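S.K.: Take a look at this one; I'll ask things after.
The values are calculated or read from the model by the stated rules, or taken from the named source; none is laboratory data. Keep in mind it's a predicted model, so treat the numbers as computed, not measured. Note: ideal-geometry Cβ built from the backbone for every residue, glycine included; neighbour counts use all protein chains shown.
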């Protein structure tokens, strides 16, 4: 991952400067100091990786919990086109997404997405409101190239967290889980929740 590559380069720079200093002291003391420093850096790196894993697991569970508040009957009434603006189900879902965003303020985007027969990814609905620079009316096409992991998971109806992913709106950690038709047991669409990578790593480090 890019973040861990940057972290590694930072540690490498620290070690390089320490080695320059250690050339001025005795070999025995140098060995002790180097072993202590390397051990500390390895421990810190492992703790960061563990916390990242734990945060991802927590985000997956939270995404599933948020998605459980979406009635599949409302989603089934949508067409994924501008015609949804005339449907009351669209506005009921919009209200639900706004409330979910209040319960999960770390999620910048909360949305329902689908896939056209030609493979195009589009949005049924997003939490953003008209007037926002990030507003997407129903049927808006996701213009960036979706990750292979996202597409495969959406088609299988899997739950996962992916990222960091960079697109035209920023860099994100993106969690997804299916909305299931209670009658057929088949996925209707994908529920997604995106966290800005900067916020994610800020929490990860501190």
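S.K.: Quick one: is residue 185 at pLDDT below 95, closer than 24 Å to residue 74 by Cβ and not in a strand (DSSP E or B)?
M.R.: Yes.
S.K.: I would also like to ask the following. Sort out which residues of the stretch 123-137 are within 13 Å of residue 82 (Cβ to Cβ) and in contact with a strand residue (DSSP E or B) (Cβ under 7 Å, 6 or more places away or on another chain), and write them in order of number.
M.R.: 123, 124, 125, 136
S.K.: Go through 133, 164, 178, 117 for me and flag whichever is outside any strand (DSSP E or B) and under 22 Å from the mean Cα position of the chain (by Cα).
M.R.: Of 133, 164, 178, 117, the one residue that is outside any strand (DSSP E or B) and under 22 Å from the mean Cα position of the chain (by Cα) is 133.
S.K.: Within the stretch 147-173, can you find the residues that are in contact with a helix residue (DSSP H, G or I) (Cβ under 7 Å, 6 or more places away or on another chain) and under 17 Å from residue 115 (Cα atoms)?
M.R.: 159
S.K.: Go through the stretch 63-74 and give me each residue that's under 12 Å from residue 96 (Cα atoms) and surrounded by 14 or more Cβ atoms within 10 Å (Cβ to Cβ).
M.R.: 66, 67, 70, 71, 74
S.K.: Next question, about the same structure. From 190, 140, 159, grab the single residue that is under 17 Å from residue 56 (Cα atoms), surrounded by 15 or more Cβ atoms within 10 Å (Cβ to Cβ) and in contact with a strand residue (DSSP E or B) (Cβ under 6 Å, 6 or more places away or on another chain).
M.R.: Only one candidate passes the filter, namely 159.
S.K.: Only one residue in 198, 152 is at pLDDT 90 or above, part of a helix (DSSP H, G or I) and out of contact with any strand residue (DSSP E or B) (no Cβ under 8 Å at 6 or more places or on another chain), so which one is that?
M.R.: Sole residue among the options that is at pLDDT 90 or above, part of a helix (DSSP H, G or I) and out of contact with any strand residue (DSSP E or B) (no Cβ under 8 Å at 6 or more places or on another chain): 152.
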